[in-house]
Amino acid sequence: MRSGKINLQEYWYIEEYRRRHGRAPHTTSLGGLIGIHGLGRGDPDVHRNFDWTEGCVAVSNEEIRALDPWLRIGTRVVITG
């Protein structure tokens with residue numbers, strides 16, 4: 001299992017990648033490709049009782065349909081906790 005920490009070499013790789021592509025790579029210890037998605041055909045009990053998303057924000061299908069008019073791929077979303 002990855003520690004979720006990066007070393008200095010990986011830090012500079014991420015910074016250079018961001019400079020060239022406008023986003024961080026998803027292949028580092030920090031992960032990536034974080035999204036907001038609905039449940040699809042998944043089990044609602046799993047959705048309610050387990051953290052199954054590996055970092056994404058999962059909402060109910062009804063909630064994702066309600067968000068749809070305001071969100072497009074690339075929309076900046078800030079999550080605070």
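The values are calculated or read from the model by the stated rules, or taken from the named source; none is laboratory data. Predicted model, so just to flag it, every value in this text is computed and none were measured. Cβ atoms come from the backbone with ideal geometry, glycine included; neighbour counts cover every protein chain shown. Only protein heavy atoms, including side chains, enter the accessible area calculation; ligands, DNA and RNA are left aside. Shrake-Rupley method; radii C 1.70, N 1.55, O 1.52, S 1.80 Å.
To keep it simple, each residue is scored yes or no on (1) in contact with a His (Cβ under 7 Å, 6 or more places away or on another chain); (2) open to solvent by 100 Å² or more (accessible area, probe 1.4 Å); (3) within 24 Å of Glu10 (Cα to Cα).
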{"residue": "Thr28", "(1), (2), (3)": "no, no, yes"}
{"residue": "Gly32", "(1), (2), (3)": "yes, no, yes"}
{"residue": "Val46", "(1), (2), (3)": "no, no, no"}
{"residue": "Val59", "(1), (2), (3)": "no, no, no"}
{"residue": "Ala66", "(1), (2), (3)": "no, no, no"}
{"residue": "Arg72", "(1), (2), (3)": "no, yes, no"}
{"residue": "Thr80", "(1), (2), (3)": "no, yes, no"}
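Taken over region 52-81, residues that are among the acidic types (Asp, Glu) and under 24 Å from Ala24 (Cα atoms) amount to 1. Taken over region 1-14, the criterion of being at pLDDT 85 or above and either under 23 Å from Ile64 (Cα atoms) or surrounded by 11 or more Cβ atoms within 10 Å (Cβ to Cβ) (or both) is satisfied by Glu10, Tyr11, Trp12, Tyr13, Ile14. Counting the residues of region 28-81 that are farther than 30 Å from Asn7 by Cβ and of a type in the set (Ser, Thr, Tyr) gives 2.
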